[in-house]
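Since the structure comes first, as structure tokens, the remarks are kept for the end.
The values are calculated or read from the model by the stated rules, or taken from the named source; none is laboratory data. Predicted model, so just to flag it, every value in this text is computed and none were measured. Cβ coordinates were reconstructed from backbone atoms using ideal geometry, including for glycine residues, and neighbour counts include every protein chain displayed.
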Amino acid sequence: DGRIFANTRFAVIGKASGQRLLEFGIKADLCSAIESSKGLLEAFSKIDTPIILPLHPRTRKTLGMGLEAIGGSVRVIDPIPYLDMLMLEKHCRMILTDSGGVQKEAYWFDRPCITLRDETEWVELVDAGCNRIVGANPQAIGEAVKHFEATGLPDNRPSDLYGNGEAARKIVEIISSAR
């Protein structure tokens, strides 16, 4: 599957075979930081494979003409519901995000994640090689995309960073045994 995906507020409906899926949303506090946004748009324009870029109408308006400058490989669409977004994360090739929640979702779906911030609350994902922190630096974004395209996720990444999927069963056992 050849798509890149990013951020929690927006997503794309449908499967675009052979494309990357990029889901990207700019938070309200970032809307005022147009220079950062321009850096991200510049980076997206340099990625060869098609990108799907869901944007909130307010973000589109804020970015204005900058969106037209990113070229034909980026398809800007409206936001979609959360469950649709999860399906896109599951079926994409790579995720770019500024959302902490989506960083974890990328891990659960076995997708490389590129974080468009200068820090993350999920350092264990970076330590495991599943996530790269790049900020809004176009060169760093491009290098991270190339890295994950060439190597994918590490074969030795931990499969149980956030548990083994047995929590609900254990809770039921504990509650049942307490009766």
Condition check for Leu153: part of a helix (DSSP H, G or I), within 16 Å of the chain's Cα centre (by Cα) and among the hydrophobic types (A, V, I, L, M, F, W, C):
no
Filter the range 142-161 down to residues that are under 18 Å from Gly100 (Cβ atoms) and touching a residue at least 40 places away in the same chain (Cβ under 8 Å), then give me how many there are.
1
Return only the number of the condition from (1) farther than 25 Å from Ser159 by Cβ; (2) touching a strand residue (DSSP E or B) at 6+ places or on another chain (Cβ under 6 Å) that Ile114 does not satisfy.
(1)
Cβ pairs under 8 Å, 6+ apart, first in the range 162-179 and within 30 Å of Cys130 (Cα to Cα), second among the hydrophobic types (A, V, I, L, M, F, W, C):
Tyr162/Trp108
Any pair with Cβ under 9 angstrom, 6 or more apart, that starts in the range 42-63 at a residue that is closer than 18 Å to Thr97 by Cβ and ends at one that is of a type in the set (Asp, Glu) and modelled with pLDDT of 75 or more:
Thr49/Glu149; Pro54/Asp78; Leu55/Asp78; His56/Asp78
What residue, among those in the range 106-133 that are within 20 Å of Thr151 (Cα to Cα) and among the acidic types (Asp, Glu), is nearest to the chain's Cα centre (by Cα)?
Asp110
